[in-house]
1. Filter region A:127-146 down to residues that are in a loop (DSSP other than H, G, I, E, B) and facing another protein chain (nearest Cβ under 7 Å) and give me whichever is farthest from the chain's Cα centre (by Cα).
2. Is there a residue being under 21 Å from B:PHE466 (Cα atoms), surrounded by 20 or more Cβ atoms within 10 Å (Cβ to Cβ) and among the aromatic types (Phe, Trp, Tyr) anywhere in region B:380-392?
3. Identify all residues within region A:100-120 that are within 12 Å of chain B (Cβ to nearest Cβ) and out of contact with any Asp or Glu (no Cβ under 6 Å at 6 or more places or on another chain); write none if there are none.
4. Within region B:3-87, which helices (runs of 4 or more DSSP H) (wholly inside it) include 2 or more residues that are within 16 Å of ligand 1 (Cβ to nearest atom) and over 26 Å from the mean Cα position of the chain (by Cα)?
5. Among the residues of region A:61-71, are any more than 18 Å from A:PRO154 (Cβ to Cβ), away from ligand 2 (no atom under 16 Å from the Cβ) and of a type in the set (A, V, I, L, M)?
6. How many of the residues making up region B:337-389 are in a loop (DSSP other than H, G, I, E, B), free of Cβ contacts under 8 Å to residues at least 12 places away in the same chain and basic (Lys, Arg)?
7. What residue, of B:ASP239, B:ASP257, B:ASP248, B:ASP222, is within 14 Å of ligand 1 (Cβ to nearest atom), acidic (Asp, Glu) and surrounded by fewer than 23 Cβ atoms within 10 Å (Cβ to Cβ)?
8. Within region B:91-99, can one find any residue that is part of a loop (DSSP other than H, G, I, E, B) and either away from ligand 3 (no atom under 16 Å from the Cβ) or over 28 Å from B:GLY340 (Cβ atoms) (or both)?
Amino acid sequence: MSKPVIATAHFTGCFGCHMSILDIDERILDLVELVEFNKSPINDIKNFTKPVDIGIIEGGISNDENAEILMEFRKHCKILVAIGACALTGGVPSMRNLVPLKECLEEAYLNGPTVKSENTGIIPNDPDIPVLLDRVYPCHEVVKIDYFLPGCPPSADTIWNALVALLKGEPLNLDYELIKYD
Amino acid sequence: MTHHYREQIKNIASKYGNDRGYLMNIAHDIVNEFGYISDEMVSNLADVLNLPVVQVRDMISFYAFFPRKPLGKNVIRLCNAVIERMKGADEVGKAFEKALGISFGETTKDNLFTLLHTPCIGLSDQAPSALINKIPLTNLKPADVPQIISELKAGKDVSDLPQARVQLNLKKEGEVICAPLDSGTALRNALNMKPEEVIGEINKSRLRGRGGAGFPTAMKWDFCRKQKSPIRYLICNADEGEPGTFKDRVILTEYPDLVFEGMTIAGYAIGAKEGIMYLRGEYAYLLENLEKVLAKRRHLGLLGEHICGREDFNFDIRIQLGAGAYVCGEESALIESAEGKRGAPRDRPPFPVQKGYKGEPTSVNNVETLCCAARILEKGGEWFSKIGTKDSTGTKMLSVSGDCEHPGVYEVEYGITIENLLELVGAKDTQAVQVGGASGKCVAPKDFGRRISFEDLPTGGSIMIFGKNRDLLECMYQFVEFFVEESCGWCVPCRAGTTLLEKKFRQILDGKGTAQSLAELRRIAQTVKSMSRCGLGQTSANPVLTTIYDFADLYAEKIKEENGKLLTFDLQKAMKVGIEASGRTKEGVK
Ligand SMILES: Cc1cc2nc3c(=O)[nH]c(=O)nc-3n(C[C@H](O)[C@H](O)[C@H](O)COP(=O)(O)O)c2cc1C
Ligand code: SF4
Ligand code: SF4
Ligand code: FES
């Protein structure tokens, strides 16, 4: 029997959630035994090469590239799991949602105190740069998300337990400490 | 300016003995005088009453009828409830907007007109309807509008307009409410008994409250009477805010004597000296006649000191005018409001019968309940108990509106099936019947054999009929919108939940929902229902919960699944600002 296939994606987050995945320490060896990794920053596979069983998503959706890749993930993955505050709510990056995007860009590139002198700044417009969206969206506002793991980041144990439960088709029991945040 | 209103506010307050308990009346008088009540006036009033400013502002800001900014000389409040929109209220609204050159919520530059929307004003049987300067106008047509405006501009009185005519539309008279009464007969019978015996007679009749909850009236009176307290109060709930209900309006217009007789009997039974009728602000136009009837009853010795010559029985009634808040129909919110506060429901227990108005035992009864009580004392509990069904004795006044030939008020025996009712009112090709108003139940044709009664389909009186061609889910959506507007905001499940419900519902109706959205809709609805603090929140999800199974097809039609992609997310739209701000030309091209 072939191993279940896993893919991971990083959108607008700090990579902390991916670090937390790696934080499972030596269990990573078990994981490699259990599953096969497809598209992921961990192995630097850039494109999907086969159907994926579980897609793990870090970060919110702040630009067109994020949105398109998330939709790709939805297309290729049977199950999508969003992990971390950024993916679930937009998190820290979504603090910009309080200010209209145009004002954000103008402050950063035209009028802010660190812009060298007046009238010389421009708002980056290189076609290679992704276009910022009007606000940072939580993943579930863009595609259907099947499971959510809260935390900033969710601890390695939380991710591990969730993954194992999902792979074995068992109910997930997380200890109180793993989902208590204050 | 400042000095000018200072003096007047002082005068108004002193008219009510500077008693904060009359804050509703004081606010009404101020608004009648100045057209609004500004923050400055609020501070001033707080000063006069020796209250914290926030307390007064908290109360004033709660009510739709206490505007805090100046409105036009003529205030037009067009009802835009479900039934009205079925009958063309939107077109009438557009005609008003066109004639005045303003949108809803705005005031004309010359300060002559303000245009507002209002929920049901109790005229659903003669929709589209509006209140202009508190005077009701009915059966409006877009073509009427220019003339109405020009006559108002010419300074004509609203009540002289041809549309200022409220029809009674009493289509079926029954033997309990709509029978003649010799004023005082029932009361004299009651006074010949001991209060306990009066309660016993009501008990024999098995009368249950007509306001919605159906609590046995004798038990309520008995609880109230048995409280150890020298002071007790009787309140008649004439707030009638449930969309599509207007039977109390008809009773108050046609049978006010019966209501007051019932109140006096109730006062005697529970041992109260003071009765309050809480009349919804929308019915202010009934006030004059009601006061007249009260004066007449005082004159006849049926009210006031030594009623019917009894040295030991004094009882009088005052009418408290509400100010446009649906939740004030809920008894504890009503009591708060009658005490001159914001109409937020109280925690229970203690129940009003234990600690009600001014902290004293209080029985709150619906208008119709009190009428029944009077009739029972006239004709006997035995007689009454033989009408209707086992658990629902007597008759019920139904307010019928919507898609039928003869909308109006029908006094029917409890136990009538929906089918028979539809026949009676001339309804054909009925898609659904909303029983009990926005907070009630949407009944599908397969259930038209069910009966109007406490044991099967209870209703405070509202029956709205939706014909085959109506967009039923849009109607349900408008009910949800109503609850968003009317939530008092105290508890999160209702304040936030009704808004979440409304948004999710809209998303689905706009064809942007997925199967998951439908599941979410159901979950939100369940949470709002089970977690809300008072009856408003607990019933606010009913438009969804009572259609989601019985009309599952209508929901299914709206769902277009697209492989997990959410149709609510519009990438092009989300990119628009970013593209424009950076001056890129080709959208999304990299
Ligand atoms: C949101 C809400 C609105 C209500 N509105 C009314 C109303 O307009 N008239 C009424 O009689 N009862 C209304 N009720 C019911 C009252 O709380 C109370 O049960 C009733 O007045 C008791 O009178 P009864 O025993 O004669 O029915 C409402 C309840 C809720 C929760
Ligand atoms: S949730 Fe926390 S750890 Fe994860 S990407 Fe966001 S900020 Fe980083
Ligand atoms: S349920 Fe709604 S109306 Fe009732 S107390 Fe809560 S917020 Fe107020
Ligand atoms: S008066 Fe408008 S719906 Fe009742």
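The values are calculated or read from the model by the stated rules, or taken from the named source; none is laboratory data. Owing to the predicted nature of the structure, the values given are computational and were not obtained by experimental measurement. Every residue, glycine among them, receives a Cβ derived from its backbone with ideal geometry; neighbour counts consider all protein chains shown.
1. From region A:127-146, those in a loop (DSSP other than H, G, I, E, B) are A:127-131, A:138, A:142, A:144-146; that's our starting set.
Add one more test, that the residue is facing another protein chain (nearest Cβ under 7 Å), and what stays is A:127-128, A:131, A:142, A:144.
Working: A:PRO127: 23, A:ASP128: 21, A:VAL131: 18, A:VAL142: 13, A:LYS144: 14 Å.
So, considering only residues that are in a loop (DSSP other than H, G, I, E, B) and facing another protein chain (nearest Cβ under 7 Å), the one farthest from the chain's Cα centre (by Cα) is A:PRO127.
2. At the first step, the residues of region B:380-392 found to be under 21 Å from B:PHE466 (Cα atoms) are none.
No; the residues of region B:380-392 include none that is under 21 Å from B:PHE466 (Cα atoms), surrounded by 20 or more Cβ atoms within 10 Å (Cβ to Cβ) and among the aromatic types (Phe, Trp, Tyr).
3. In the first step, residues of region A:100-120 are kept if they are within 12 Å of chain B (Cβ to nearest Cβ); the result is A:100-110.
A:PRO100, A:LYS102, A:GLU103, A:CYS104, A:LEU105, A:GLU106, A:GLU107, A:ALA108, A:TYR109, A:LEU110 - these are the residues of region A:100-120 that are within 12 Å of chain B (Cβ to nearest Cβ) and out of contact with any Asp or Glu (no Cβ under 6 Å at 6 or more places or on another chain).
4. Working: elements: B:23-34, B:39-49, B:53-60, B:82-86.
Answer list for region B:3-87: none.
5. First, pick out the residues of region A:61-71 that are more than 18 Å from A:PRO154 (Cβ to Cβ): A:61-71.
Pick out the ones that are also away from ligand 2 (no atom under 16 Å from the Cβ) and you get A:64-65, A:67-68, A:71.
Adding the requirement that they be of a type in the set (A, V, I, L, M) leaves A:67, A:71.
For region A:61-71, residues more than 18 Å from A:PRO154 (Cβ to Cβ), away from ligand 2 (no atom under 16 Å from the Cβ) and of a type in the set (A, V, I, L, M): present.
6. Here the count works out to 2.
7. Details: B:ASP239 fails: surrounded by fewer than 23 Cβ atoms within 10 Å (Cβ to Cβ); B:ASP257 fails: within 14 Å of ligand 1 (Cβ to nearest atom); B:ASP248 fails: surrounded by fewer than 23 Cβ atoms within 10 Å (Cβ to Cβ).
The unique qualifying residue is B:ASP222.
8. First, the residues of region B:91-99 that are part of a loop (DSSP other than H, G, I, E, B): none.
Within region B:91-99, not a single residue is part of a loop (DSSP other than H, G, I, E, B) and either away from ligand 3 (no atom under 16 Å from the Cβ) or over 28 Å from B:GLY340 (Cβ atoms) (or both).
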